[in-house]
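Take a look at the structure below.
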Amino acid sequence: MVLPNRLIAVAALVFLAACEGVTSPTVETNRADALLLPVPEDEDSFHFAIFGDRTAGPPEGLEVLRQAVAETNLIAPDFVMTVGDLVPGYNRTPQWLEEMRAYKSVMEDLAMPWYPVAGNHDIYWRGSDPPPGHHDADYEANFGPLWYWFPHKNAAFIVLYSDEGDPASNRKGFAEPALIRMSEAQLAWLERTLSETAGYDHVFVFLHHPRWITAHYGGGNWESVHRLLAAAGNVSAVFAGHIHRQRYDGLKDGIAYFTLATIGGTMPMDVPGTGWLNHSLLVTVRATDFDVATIPVGAVLDPKAMTPERLADLDRARQMPIERLSGPLLVGSDGGATGELRYRLRNQAARPVEVTVSAAKHAADWRARPDRRHMQLAPGQVEEIGFELSRDQDDFLGAFSAPTLAFRVDYLGEDRRVSFPETYFFAPLKPALEQASDGSAPGDQAMLLNGSGAGLWFSPELIEIESAPFTLEAYIRTNAPNATGVVIGKYHDTGYALMLTDGRPQFVLGLQRVPINLLAVRDKVVQAGAWHHIAGVFDGVQARLYLDGKLVGWAEAPPGSALRPNDLPLFVGGNMTWDGSVEFPFEGAIDELRVSAGARYAGETFEPARRVGADDETALLLHLDGDGAPFARDASSHGRHGIGIGEIRYVSP
């Protein structure tokens, strides 16, 4: 076995310590029987950061740079390098000087030294009659030498200039072979510098253009530069920018080649996983190796900023009151609907917030005008917004979806924007169906579902079970043994559901303290093709699950437990998620479904009625006889009718 150099060194130290009768150092403790932990290696190391291109981005790019400076101060590297394109440039001297001062005014907030690299935006002249070298003289008078080097601890840092162009014609550019060659004067200086830095553990090289990417820089003389770097034997890495996308070209002759993206520059997107991002690099240097980490702008937080006052204000923004002002949209039996939804928003935080409200894209059968609203609210400001939603007439067969509005809140803090996840509000819908006469006629049908996600949709505000006690119950008949599916659901970590799992009844409760997931004992299963009554009861103290009137599972709730409500629709035949899709669809028949605001059943047994009735505790009663289709008629006194979604049939039980 061949050991790495570091392990060999550690092994040698342990051997020498043993020879001298000294044990290897461990942490100090008076715990006699505990595992002894080694102390960290006492090894010198240091850190430096690298900033990418600033230019060709939007004017607010300087604010990205400002944020990167503040975050770099938190990390506190020894110093900061750049890879060029510091100013927008491509202009004349007065404008160039103004941009230079703007850039340096931001960089001066760094708590450590920083070192510039010249890029094409920093040098190229705009217009006719450029002075010799374009902005070469302006750059050197205000930023520093076009090429230079300096030492730090066990490393040397070399800055090269990749925009010399053609001094004879005074032309500069990076697309013609004649303009992308480093001069003999700079190459001679580099060769002398590499000789002078031969005793350092590391040499790091910086320039603007990644000349080693031959597809971009064909015809240049980078191979001559690389041969000098490789011959030195201690050049560890080369860093460049310009292409505005992070890239690693691997090792060549032991030299790692890195290209940075931007720090306020233009990009098609800011998505770290794509290589397009605003970022810095943090380089950790040790005597024998180095490591490089990408630090996206916005990823570094100051723990001292997380004061109780700030956290409380963030919570006020996150919990912004959103009040619906308009009534439900009326849906006709032909599937057509139109109406306005209005909401009132109030910023209760001490900082401004930005709010974006949009119609969720998954409800393709609905139209919203406008499809997006964006506003900024000052502290205490109240604002109303409205959307007009409409849906064309159709036959409901599988095309009906649940429209939602997505609310996104951004907290505009003093030092950064904090974006909260979107919250969704289902648009309230009401079927155009008159109340049943009395619901007393004997039923002769049941609802049949094919497991495709079809079922009955009830607007969230129509079902008002928000606390114990309550009861869910229904008659079910499955098509296959060991069936899995939700009979009635309004659950997503909060809320409730009554379902089957591998043929066993299950009662799920999202409580504020400890959720209850009550599954029937193993031998209590429903038989395919047979009707069964299942019921879930929660009285605030105990959850009980019944199959055909017999107690098949129970669980005690922690003292003070309460149901955690949610704004999901109630769905019969599955459980609807926040994106409007249906999970755990039920396959089989459902009949005589009732939701009650009371604990209807207690003890170990009761005799379930085949035809259930309504009383003062009844919140929803569905005989599911098919009357009123495509809607589902509520036989309680509340008129909480449901909307049929997908392929629903009604058959004789």
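Computed from the coordinates by the stated procedures, all read-outs in this text should not be read as laboratory data. Please read all numbers here as calculations on a predicted model, not as lab measurements. Neighbour counts are summed over all protein chains in view; Cβ atoms, including those assigned to glycine, are modelled from backbone coordinates with ideal geometry.
Straight-line cross-link reach from residue 550 at under 16 Å between alpha-carbon atoms covers these aspartates and glutamates, not counting any fewer than eight positions away in the same chain: 473, 523, 604, 607.
How much FRET efficiency would the formula 1/(1 + (r/R0)^6) give for residue 306 and residue 102, where r is the Cβ-Cβ distance and R0 is 35 Å, rounded to 0.05?
The formula returns an efficiency of 0.65 here.
Which distance in nm do the two modelled labels at residue 579 and residue 444 give, with both placed 7 Å along the Cα-to-Cβ direction? Reported label-point gap for residue 579 and residue 444 is 4.5 nm.
Quick one: compute the contact order of region 438-651, relative version, from alpha carbon pairs under 8 angstrom and 6+ residues apart, as a percent. This gives 32 percent for region 438-651. Could you give the length gained by full extension between residue 93 and residue 63, i.e. 0.36 nm per residue of separation minus their alpha carbon distance, to one decimal place? Stretched out fully, the residue 93 to residue 63 stretch lengthens by 8.4 nm. Within straight-line reach of residue 172, meaning a Cα separation under 18 Å, sit the following aspartates and glutamates at least 8 residues removed in sequence or on another chain: 85, 122, 129, 136, 138, 140, 163, 164, 184.
Distance between the pseudo-spin-label points of residue 251 and residue 286 (7 Å out from Cα toward the beta carbon): 1.6 nm.
So for 447, 107, 306, fewest C-beta neighbours within 10 Å to most, what's the order? Display every interim value, and only then the final one.
On the way: 447 29, 107 18, 306 11.
Least to most surrounded, the residues fall as 306, 107, 447.
Counted without the sites themselves, the longest stretch of the chain free of GluC sites (Glu not before Pro) in a DSSP loop having at most 16 other beta carbon atoms within 10 Å is 109-413. Taken one residue at a time, the phi angles of region 189-205 give Karplus couplings (6.51, -1.76, 1.60, θ = phi - 60°) of 4, 4, 5, 5, 5, 5, 5, 5, 9, 5, x, 7, 5, 9, 10, 10, 10 Hz. Gly and Pro are set to x.
Once the Cβ-Cβ distance of residue 482 and residue 318 is raised to the sixth power relative to R0 = 56 Å, the FRET efficiency obtained is 0.85.
How high is the relative contact order of the chain? Use alpha-carbon pairs under 8 Å, at least six apart in sequence, and give a whole percent. Can you show the working numbers first?
Working: 1549 pairs, mean separation 65.1, N = 653.
Across the chain, relative contact order equals 10 percent.
Model label sites at residue 513 and residue 44, defined 7 Å from Cα along the beta-carbon direction, differ in position by 6.0 nm. By its C-alpha gyration tensor, with a ≥ b ≥ c as the square roots of the eigenvalues, how is region 438-651 shaped: rounded for a/c under 1.5, else prolate for a/b larger than b/c, else oblate? Verdict is rounded for region 438-651. Full extension of the chain segment joining residue 367 with residue 338 gains 9.5 nm, where the gain is 0.36 nm per residue of separation less the Cα-Cα distance.
For a Förster distance of 35 Å, can you work out the FRET efficiency between the beta-carbons of residue 269 and residue 611, rounded to the nearest 0.05?
On the way: r = 60 Å, r/R0 = 1.71.
Efficiency computed from Cβ-Cβ geometry: 0.05.
Could you tally the net charge around residue 520, taking each other residue with its Cβ under 12 Å from the Cβ of residue 520, Lys/Arg +1 and Asp/Glu -1? Present the calculation step by step, with values, prior to reporting the outcome.
Working: positive: 504, 522, 524, 544, 550; negative: 502, 523, 548.
After counting each charged neighbour, the total is +2.
How much mean residue ellipticity at 222 nm does the chain get from its helices, if each DSSP H run of length 4 or more adds -39500 (n - 2.57) and you divide by all residues, to the nearest 500 deg cm²/dmol? Intermediate results must be reported in sequence, preceding the final value.
On the way: 8 runs with 91 residues, N = 653.
Helices in the chain give a 222 nm mean residue ellipticity of -4500 deg cm²/dmol.
Between residue 201 and residue 26, what is 0.36 nm times their sequence separation minus the Cα-Cα distance? Round to one decimal in nm.
Working: separation 175, 0.36 × 175 = 63.00 nm, distance 2.96 nm.
Full-extension gain reported as 60.0 nm.
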